[in-house]
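Accompanying notes for the structure given below.
The values are calculated or read from the model by the stated rules, or taken from the named source; none is laboratory data. Keep in mind the model is a prediction, meaning the values are calculated, not measured. Positions of Cβ are backbone-derived with ideal geometry, glycine not excepted, and every protein chain shown enters the neighbour counts.
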Amino acid sequence: MLLKKFFNVGFADVTVAERVPFGLDDLGRYPLFAPDFLEFLRRAIPPARHRELVFSIAVTASKPANAAR
Amino acid sequence: MAHFSDDQARAIILDAYGRVRAEGGAAVASAFYAPVELEGLPRDAVEMSLGVGHPVRHAALRPGETVLDLGCGAGIDTLLAARAVGPTGRVIGLDLTPEMVARSRRNAQDAGLGTIEVRQGVMEEIPLPDASIDVVVSNGVLNLSTRQSRVLAESFRVLRPGGRISITDLVLEEALPEDVLKSPAALAG
């Protein structure tokens, strides 16, 4: 879905350079998340997904050299 | 389906990122950056690293290039980009929150990197001319926008023909429970 958005606006050479699972323990490193929110996530999300809640991806792409400025 | 309007999302981001404190030390930075990269960076930039990857590593920056760091936060990627493009390059950091703009300006100054300029603004309307940037980098910020296609279109607009973009972000490959998706705290992350 995200990659399609890159193509739709005109980017070329769209590449997923990295894809890494991101789990609840990873979120715990961030000061953005309060302990009670992390606990809420632990309860709300099935344990099988706790280690792969989302994925961290790196996407690279380029603007074609012949693209209109 | 969007759970927040543009205005609601922006208010949540302003609040969450305006209040965040570097209590966790450098745990996030050490997960993504090599120790040698963190050497010599201002402590605040390292401890306020809130990204989800290392877009500068994938950007293959060259000396003399002009880089835009979308959602620069406290500026860790801005600083690394400035090192990579050297004294003939230029790096522009853009962030929504006044607190992060102030931090990244201070961190650039503390690092002695005069090639960095930090602006306050929204990534859906990047305050830069067309075709003025060689490389756009962004770290864990695109998912904060309710208009991701608009952000990418704006990135495309400001890039010179042949320019590059390197973005790290979190993506869902399987839906989360509805009550999690409706949580402001989840949006902020």
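Determine whether segment B:124-133 contains at least one residue that is assigned to a helix (DSSP H, G or I) and not charged (D, E, K, R). Outline the logic, then answer.
So in segment B:124-133, the residues assigned to a helix (DSSP H, G or I) come out as none.
So far as segment B:124-133 goes, no, none of its residues is assigned to a helix (DSSP H, G or I) and not charged (D, E, K, R).
Taking the condition of being farther than 18 Å from B:Gly53 by Cα, in contact (Cβ under 8 Å) with a residue 40 or more places away in the chain and not acidic (Asp, Glu), how many residues in segment A:1-45 meet it?
4
Residues in segment B:113-164 that are touching a Phe, Trp or Tyr at 6+ places or on another chain (Cβ under 7 Å) and not aromatic (Phe, Trp, Tyr): B:Thr146, B:Leu152. Taking segment B:84-102 as the range and being part of a helix (DSSP H, G or I) and more than 13 Å from the chain's Cα centre (by Cα) as the test, the residues that pass are B:Ala84, B:Val85, B:Pro98, B:Glu99, B:Ala102. Residues in segment B:34-53 that are crowded, with 24+ Cβ neighbours inside 10 Å, more than 9 Å from chain A (Cβ to nearest Cβ) and aliphatic (A, V, I, L, M): B:Ala45 alone. Inspection of segment B:25-46 finds a residue satisfying the criterion of being more than 12 Å from the chain's Cα centre (by Cα), aromatic (Phe, Trp, Tyr) and in a helix (DSSP H, G or I). Of all residues in segment A:36-48, none satisfies being within 17 Å of the chain's Cα centre (by Cα) and at the interface with another protein chain (Cβ under 9 Å from one of its Cβ atoms).
The numbered conditions (1) surrounded by fewer than 21 Cβ atoms within 10 Å (Cβ to Cβ); (2) not in a strand (DSSP E or B) are all true for B:Gly162 except (2).
Results for (1) in a strand (DSSP E or B); (2) facing chain B (nearest Cβ under 7 Å); (3) modelled with pLDDT under 90; (4) in contact with a Gly (Cβ under 9 Å, 6 or more places away or on another chain), shown as yes or no for each residue.
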site: A:Leu3; (1), (2), (3), (4): no, no, no, no
site: A:Asp13; (1), (2), (3), (4): yes, no, no, no
site: A:Arg29; (1), (2), (3), (4): no, yes, yes, yes
site: A:Ile57; (1), (2), (3), (4): yes, yes, no, yes
site: A:Thr60; (1), (2), (3), (4): yes, yes, no, no
site: A:Ala65; (1), (2), (3), (4): no, yes, no, yes
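Taking segment B:54-65 as the range and being in contact with a Gly (Cβ under 7 Å, 6 or more places away or on another chain) and either of a type in the set (Gly, Ala, Ser) or buried (at least 21 other Cβ atoms within 10 Å of the Cβ) (or both) as the test, the residues that pass are B:Gly64, B:Glu65. Candidates are the residues of segment B:126-157 that are modelled with pLDDT of 95 or more and basic (Lys, Arg); the one that is farthest from the chain's Cα centre (by Cα) is B:Arg157.
The set of residues in segment B:97-125 that are among the hydrophobic types (A, V, I, L, M, F, W, C) and surrounded by fewer than 22 Cβ atoms within 10 Å (Cβ to Cβ) comprises B:Val101, B:Ala102, B:Ala111, B:Leu113, B:Val122. In summary, B:Met48 fulfils each of the numbered conditions (1) modelled with pLDDT of 95 or more; (2) in contact with a Gly (Cβ under 7 Å, 6 or more places away or on another chain) with the single exception of condition (1). Select, from B:Asn139, B:Asn143, the only residue that is at the interface with chain A (Cβ under 10 Å from one of its Cβ atoms) and in contact with a Gly (Cβ under 7 Å, 6 or more places away or on another chain). Of B:Asn139, B:Asn143, the one residue that is at the interface with chain A (Cβ under 10 Å from one of its Cβ atoms) and in contact with a Gly (Cβ under 7 Å, 6 or more places away or on another chain) is B:Asn139. Tell me which residues, restricted to segment B:152-176, are in contact with a helix residue (DSSP H, G or I) (Cβ under 6 Å, 6 or more places away or on another chain) and farther than 16 Å from A:Ala12 by Cα. Hits for segment B:152-176 are B:Thr168, B:Asp169, B:Leu170, B:Val171.
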